[in-house]
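J.: There's a structure below that I have some questions on.
Nothing in this text is a laboratory measurement; each read-out follows from the coordinates by a stated rule. Since the model is a prediction, treat every value here as computed from it, not as a measurement. FYI the Cβ positions are ideal-geometry reconstructions off the backbone, even for glycines, and counts take in every protein chain you see.
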Amino acid sequence: MKILVPVDGSETSSRAIDHLVKKAAWHGADTEIHLLNVQHSIPYGSRVSAVIGREALEQYHREEGLAALQPARAKLDAAGLKYQCHILVGEPAEKIVQYARENGCEQIFMGTHGRGAVSKVLLGSVASKVVALSDVPVVLVK
């Protein structure tokens, strides 16, 4: 089974990782865990990259993505679970669902809200959009 776990470094994505670790035996030893961080595009990205350079902008997204993934990686390492890390740039819900489709993920496992502007809402806008767009089951962790 391939499980996609979008993480943004928030408390709710941390709880989703905790829950996944607790339930790891349910999925079996051959489960593939794919950690995904989606970085928001920078407004006027082409103008910014023209000034600072495309490589610098890519490096920025890479560093921010790795920082957001680090807590989840540490928890999975401590649990002895294998995983792959991925960083994309764009609209989070769309990129999450696109990644799941393109990589044959059979489940998306995520927190209910994260660091978005509406993080106080019971079901965050990214989570609700993923549920609406996804063709595979989405497990939401509060």
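J.: For the pair R54 and V131, how long in nm is the line joining their label points, each one 7 Å along Cα→Cβ?
T.: The two pseudo-label positions are separated by 3.9 nm.
J.: So how much slack lies between K82 and Q98, counting 0.36 nm per residue of separation and subtracting their Cα-Cα distance, in nm?
T.: Stretched out fully, the K82 to Q98 stretch lengthens by 3.5 nm.
J.: May I pose another question? Determine which residues of segment 58-90 fall in the zone a paramagnetic label at V21 would reach in this model, i.e. backbone nitrogen under 16 Å from the point 7 Å along Cα→Cβ.
T.: It comes to 69-84, nothing else.
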